[in-house]
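Notes follow the structure.
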Amino acid sequence: MELGGPVCKIYSGQEILKRYQESIDKNLIPILLFRDYGEMCINIRHYKQKKDYLTYPGMEMDKCFRCTFLKWLEMFIVAFWEWNF
């Protein structure tokens, strides 16, 4: 991401597969990148155990949001969208 570019980049299916193949921890599937914080992942082990699975980005990846990715995305869009009516 270039400086001043998007705050968040959601990976395409191909990018997810590539990032996952390159990752060391195979319990984490990278799904998006925050410009100033790092990647957010889906923790597969947590997902299978029906626990919170959506990791915080970057250094706090050991913590998880208490919502689904869909709910998180909805809240993110509402918080950061520039509504021009």
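The values are calculated or read from the model by the stated rules, or taken from the named source; none is laboratory data. It should be emphasised that the depicted structure is a prediction, and the values quoted were computed from it without experimental measurement. Because the Cβ atoms are built from the backbone with ideal geometry, glycine has one as well, and the counts that use them run over all protein chains shown. When the accessible area is computed, the model is the full protein with side chains, heavy atoms only, and any ligands, DNA or RNA have been set aside. Shrake-Rupley method; radii C 1.70, N 1.55, O 1.52, S 1.80 Å.
Calculate for the chain the 222 nm mean residue ellipticity that helices alone would give, adding -39,500 (n - 2.57) per DSSP H run of length 4 or more and normalising by residue count, nearest 500 deg cm²/dmol.
Details: 3 runs with 27 residues, N = 85.
Result for the chain, helices only: -9000 deg cm²/dmol.
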### Message
If I model a spin label at Phe76 and Cys8 as a point 7 Å from the Cα along the Cα→Cβ vector, what separation in nanometres do I get?
### Response
0.4
### Summary
On the accessible surface of the chain, probed at 1.4 Å with all protein chains in place, carbon and sulfur together account for a percent value of 59
### Message
Report the Cα-based extents of the chain along its three principal axes, largest first, to the nearest Å.
### Response
43, 27, 24
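Counting only heavy atoms of the protein chains, get the accessible area per residue of segment 11-60 (1.4 Å probe) and round it to a whole Å² value. It would help to have the intermediate numbers written out before the result.
Values: 3410 Å² over 50 residues.
Roughly 68 Å² per residue, with all protein chains present.
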### Query
Mind checking the angle between helix 69-80 and the chain's longest principal axis? C-alpha axes, 0 to 90 degrees, to the nearest 10.
20
### Simple label model, 7 Å out from Cα along Cβ direction - Glu15 to Asp52, nm
2.6
### ³J(HN,Hα), Karplus 6.51/-1.76/1.60, whole Hz, each residue of segment 23-37, x for Gly, Pro
6, 7, 8, 7, 8, 10, 10, x, 10, 7, 10, 8, 3, 9, 10
### Peptides 10-18, 35-43 ordered by average Cβ neighbours within 10 Å, highest first
35-43, 10-18
### Task
Please give, to one decimal in nm, the separation of the simple spin-label points placed at Arg45 and Arg66, each 7 Å out from Cα toward the Cβ.
2.3
